[in-house]
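The values are calculated or read from the model by the stated rules, or taken from the named source; none is laboratory data. Note that this is a predicted model, so its numbers are computed, not measured. Please note: Cβ atoms are built from the backbone with ideal geometry, for glycine as well, and neighbour counts cover all protein chains shown.
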Amino acid sequence: MQDFDWKKTYADRIGTATEAMRFIKPGNSIFIGTGCGQPQYLVDALVFHSRDVYDARIIHLLTMGSAPYVDEKFRDRFKTNSFFVADNVRHALENGIGDYTPIFLSDIPREFETGRIPIDVALVSVSPPDRSGLCSFGVSVDIVKSAVANAKYVIAQVNANMPRTMGDSFVHVNNIDMLVSHDEPMITVPPIELDETLHRIGQNIARLVEDGSTIECGIGRIPQAMAECLCDKKELGIHTEMFGDWIMDLIECGAITGSKKTINRGKIVASFCMGSQRLYEYVNENPLFDFRPTEYVNDPFVISRHDKMVGINVALEVDLTGQVCSDSLGYQFYSGIGGQVDFIRGAARSRGGKAIIAMPSTADNGEISRIVSHLTEGAGVVTTRGDVHYVVTEYGIAYLHGKSIRERVLSLVNIAHPKFRNELIEAAKTQRYLPADQIELAWEQVRYPEELEKYDTLKDGTQIFFRPVKPTDEPALAEMLYSLSSQSVHTRYFTHTMTFPHQAVQKLTNVDYVNDLAIVGAVPGPAGEELVAIAQYFLDPKSQRAEIAFLVQDEWQEKGMGSFLMDYLARIARQRGVRRFYARVLPVNKSMLTVFHNSGYSVQTEFDGEAYDIQLDIEGGKE
């Protein structure tokens, strides 16, 4: 490339910016290249030479450079229409200068092709042509390739600093009407400092990503936080509309290999990237990267062909029924639909796929909840309540797909910021989403103890996830209770028949985690986690004595579950200063009696003719 004089070879295609702008006429529709591939020199020339241009329509997806054409003084010359609202044009929409087209990213190329969105002139940036006359669209292939293919006149800024990316990322000089040679630094996006909230969101997302998954994620705070938590994953693949610097760290630590991808195995498929100069040098002529246009990358059917496809997108707010707003703050258009729905639907239809919406639980320095009783007036629904699957905040994961409104409300309240939870519960009661007797806790004082979550293996080799109970466990716990045999009901509740209504079960799932604690054993099920065991203690703070109770689903008995829960609950209680456990056990409940007597703690037993009163001295430790 260095000793190839492309300017001499393609001299008949070369012109100046001034000459190129003469082809722009009043009323033209002008496309401007995307993201960090924006042709800044051509944009400046467009504005500088616009004195004879009126009512020209600027079209773009997302531009990261300056946007001088939205200045008030050019109101009569340019009308801007954005498919995604970036910082540089947001004020123009607020002032009525610009416009916004809400559209799925995968649909835009078809609009160009059919002429429903006509393009008279395309201003794009490319790498220098090679000996075969091929220029690369570099860091932005996305809708740029389609815009060039369907424009009446194509003006390309040839920038030697534009990386030459591999894949379906090339255009021949014969399809470019004028090459304007001008080298300028690439637009870069600075790294973002992560706080504890973002780190916890990243950790929660990582819990959903299995080894061998293919991931879609973009640029910004949440992708960066997620990437830091995926370093211990294995054989990940990437199929994403865009990426940032986070991708280099995951490649270099060995997490990304692409070896398990169902299609495009071994390749990182994307349509554009935005990041540092190091990133641009990294993708330059790197065969690991396969840049392709939007109509391929964002096609939900292509996305769904990847097994274990994980689509991760962000939201501005989510209402209690699961409606997701991602493009507006009330009546103010803030961003765009982008590829969210493309990947939500594609990932949802993938075998083993997961569609994720992630966001901090609050905005405006914690003053506003992003989980809301109803969307802000004017806010638009991007992802419908029928499409939403996972919602993730720093407080956990809510799985909504196939869930009732009541189940959705409880799940979303559980991952909202604690100071807004009772407010959301009250609103849900008013809206008849929750029953009037739904328990409200002092959430600002109640902290879910994540540190008590752990995986363990039973004696038959089965892995169980043990964790504190959550309010959202009510349906699953009720299902477990109703699945018990009459014998199990009798040994636990001293009766052969018993009902488990909402009023009773919710008392078991709404605890303060201090005086009342319950640990559940969970396994994967068709509808999410399935509960198979629960161990509880109810503390008398004055005496530091706690009543304990255990319940294991019939098919999970005789596997060592009771012994594990006994040992784990006792260790937790001892660390918290609890002195003694006590329980009342029927003589027929021999397995529970065995658990107590084999616990290693000092046990005192009294029989009153009906049941045994058991006391365990846990303060002194095991004998």
task = Could you grab me the full set of residues in the range 543-579 that are of a type in the set (Lys, Arg) and either crowded, with 21+ Cβ neighbours inside 10 Å or in a loop (DSSP other than H, G, I, E, B) (or both)?
result = 559, 576, 579
inquiry  = Given the criteria in contact with a Ser or Thr (Cβ under 6 Å, 6 or more places away or on another chain) and either under 19 Å from residue 346 (Cβ atoms) or outside the structural domain of residue 124 (by TED's automatic domain parsing) (or both), does residue 210 qualify?
reply    = no
query = Looking at 90, 57, which one is more than 26 Å from residue 182 (Cβ to Cβ) and either touching a Pro at 6+ places or on another chain (Cβ under 7 Å) or of a type outside the set (Gly, Ala, Ser) (or both)?
reply = 90
query = Among all residue pairs at least 6 apart or on different chains, which show Cβ distances below 6 Å where the first residue, located in the range 127-142, is over 19 Å from residue 185 (Cα atoms) and the second is at pLDDT 95 or above and part of a strand (DSSP E or B)?
reply = 133/172; 134/170; 134/172; 142/271; 142/272
query = Given 42, 62, 93, which one is in the same structural domain as residue 143 (by TED's automatic domain parsing) and modelled with pLDDT of 95 or more?
reply = 42
key: Sole residue being under 27 Å from residue 395 (Cβ atoms) and in contact with a strand residue (DSSP E or B) (Cβ under 9 Å, 6 or more places away or on another chain), chosen from 187, 205   = 205
inquiry  = For the structure I just gave you, tell me whether residue 425 is among the β-branched types (Val, Ile, Thr), in contact (Cβ under 8 Å) with a residue 12 or more places away in the chain, closer than 17 Å to residue 505 by Cβ and not in a loop (DSSP other than H, G, I, E, B).
reply    = yes
note = the range 239-332: strands (runs of 3 or more DSSP E) wholly inside it with 1 or more residues that are farther than 30 Å from residue 150 by Cβ and among the acidic types (Asp, Glu) are 317-319
